[in-house]
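Chemist: I'd like to ask you about the structure that follows.
Just so it is clear, none of the values below were taken in a lab; they were calculated from the coordinates. Fair warning: this is a prediction, and the values are worked out from it, not measured in the lab. A quick note on method: Cβ atoms are made from the backbone with ideal geometry, for glycine too, and the neighbour counts reach across all protein chains shown.
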Amino acid sequence: MARMEWSCCPLSIEMVLDRVKPHLQQSERGTSSKRRRRRRRTKETKARMSAAGGAGKVVCVTGASGYIASWLVKLLLQRGYTVKASVRDPNDPKKTEHLLGLDGAKDRLQLFKANLLEEGSFDPIVEGCAGVFHTASPFYHDVKDPQAELLDPAVKGTLNVLKSCSKAPSLQRVVLTSSMAAVAYNRQPRTPEVVVDESWFSDPDLCRQTNAWYVLSKTLAEDAAWKFVKEKGIDMVTINPAMVIGPLLQPTLNTSAAAIGNLINGAPTFPNASFGWVNVKDVANAHILAFEVPSASGRYCLVERIAHYSEIVRILRELYPSAQLPEKSADDKPFVPIYQVSKEKVKSLGINYIPLEQNLKETVESLKEKGFVKF
């Protein structure tokens, strides 16, 4: 490249610009051309990913008859994946009929029986899979034997699935369904100015002291999973959704949708509680993106909005003026404050959340369609 020489005589700005303009234009053309090539390559990559989807890829979904997992199976089939799905009883139509009726299920859905507490039970299901989505975990709050009903199935079940994953040379990544329960339940304040993010972890001791057994089950299961995959060198991503609502695919009523159904069905009071809320379709989609996006790593908090139950009731009243909704809180204490959950990391997956108002409407319409609410 020719060297540019400057004379010692004074030059006006115009003269300087006249001299350097050709070099600037050449540089700009080069930079502009590089940017165009980069943009074109990015578009081509995205187009290839979109076109290919899951065609030819085999993945496993555990607990496939569940609320989130049913949507996950549906969206995976839509994207062309072959899905090996575990259910407790493949012969129970309540667990399988809605799955077998999905588009693509006839050719690309295989059902397997598996027991979370039986080591090796998932070996034949995980074999040959590029991805494993582990969603199976009990969701109960009123339990008589927390160890047997919640803790063992969550922790031992998760480790049994991961042990099977460690034997599968085809495996590329595990996506674990965790929960905001494993993130935000600790002694740190949760007030409107506080922003919870993926670096938060729930406190097991606090869970035990307050008998928060479901929260403890999710906290211990995720912690055990991270320790195991680190030791075995397994690539794992966790999805940590808040209270999941939205349309139901399964014929049975799940706990989170029932919380909305109770309000619509004439509950005398609403809980004095603030929760994060997110649509089941966003949660299922996040699982798939966490598998497909090469740079995905660590944990992803999924919360469209934190809202107190009084806000949920207000929105429902606007949507359904004729519904007999509760007028007062379950206690006379000040309302539990809302807080914030960071959306920064989840943006990298390309998630655009469905708004809370639409989430609630979709939930109620689905509950009406299935006969769980009447008004």
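Chemist: Order of 309-317, 348-356 by packing, highest average Cβ count within 10 Å first?
Modeler: Packing proxy ranking, top to bottom: 309-317, 348-356.
Chemist: Residues with beta-carbon under 15 Å from that of Gly233, excluding Gly233: net charge, scoring Lys, Arg +1 and Asp, Glu -1? Intermediate values should be presented prior to the final figure.
Modeler: Numbers: positive: Lys163, Lys167, Arg173, Lys227, Lys230, Lys232; negative: Glu231, Asp235.
Net local charge, Gly233 excluded: +4.
Chemist: Take segment 299-375, compute every pairwise Cα distance, and split them into 10 Å bins from 0; I just need the percent in each bin.
Modeler: 15, 37, 32, 15, 0
Chemist: Right, another one. Can you bin the chain into rounded, prolate or oblate? Criterion: square roots of the alpha carbon gyration tensor eigenvalues sorted a ≥ b ≥ c, rounded for a/c under 1.5, prolate for a/b above b/c, oblate for the rest.
Modeler: Details: a/c = 2.00, a/b = 1.51, b/c = 1.32.
Cα axes put the chain in the prolate bin.
Chemist: Give me the net charge of Asp197's neighbourhood, meaning all other residues with Cβ under 12 Å from the Cβ of Asp197; Lys, Arg count +1, Asp, Glu -1.
Modeler: Numbers: positive: Arg299, Lys343, Lys345; negative: Glu198, Glu344.
Within the 12 Å Cβ shell, the charges total +1.
Chemist: Now, a different point. Could you list which residues have their amide H under 5 Å from that of Ala85, counting only those 5 or more apart in sequence or on another chain, with H placed in the peptide plane?
Modeler: Those lying under 5 Å, H to H, from Ala85 are Val61, Gln110, Leu111, Phe112.
Chemist: Considering only the other residues whose Cβ falls under 12 Å of the Cβ of Ile288, what net charge follows from Lys and Arg at +1 and Asp and Glu at -1?
Modeler: Details: positive: Lys57, Lys74, Arg79, Arg173, Lys281; negative: Asp282, Glu292.
Computed value for this residue: +3.
Chemist: Something else about it: Ranking Phe201, Phe275, Phe291 by Cβ neighbours within 10 Å, fewest first, what do you get?
Modeler: Values: Phe201 15, Phe275 21, Phe291 24.
If I rank by nearby Cβ atoms, fewest first, I get Phe201, Phe275, Phe291.
Chemist: Which whole-number percentage describes the relative contact order of the chain, with Cα contacts under 8 Å and a sequence gap of 6 or more? Working shown, then result.
Modeler: On the way: 660 pairs, mean separation 57.9, N = 375.
Reported relative contact order: 15 percent.
Chemist: Okay, next question. In deg cm²/dmol and to the nearest 500, what is the mean residue ellipticity at 222 nm of the chain if only DSSP H runs of at least 4 residues count, each as -39500 (n - 2.57), divided by the residue total?
Modeler: On the way: 13 runs with 161 residues, N = 375.
So the calculated ellipticity at 222 nm is -13500 deg cm²/dmol.
Chemist: Neighbouring Cβ atoms within 10 Å as the yardstick, rank Lys333, Lys368 fewest first. Intermediate results must be reported in sequence, preceding the final value.
Modeler: Values: Lys333 8, Lys368 15.
Ascending Cβ contact count within 10 Å gives the list Lys333, Lys368.
Chemist: Mind listing the long-range amide H neighbours of Val196? Cut-off is under 5 Å, sequence gap 5 or more, other chains count too, H placed in the peptide plane at 1.01 Å from N.
Modeler: Counting only residues 5 or more places away or on other chains, the set is Gln340, Val341, Ser342.
Chemist: Taking a 28 Å limit on the Cα-Cα distance, which of the listed pairs Lys281/Lys374; Lys144/Lys361; Lys74/Lys230; Lys144/Lys232 fall beyond it? Display every interim value, and only then the final one.
Modeler: Values: Lys281/Lys374 24 Å; Lys144/Lys361 34 Å; Lys74/Lys230 31 Å; Lys144/Lys232 35 Å.
From Lys281/Lys374; Lys144/Lys361; Lys74/Lys230; Lys144/Lys232, over 28 Å: Lys144/Lys361; Lys74/Lys230; Lys144/Lys232.
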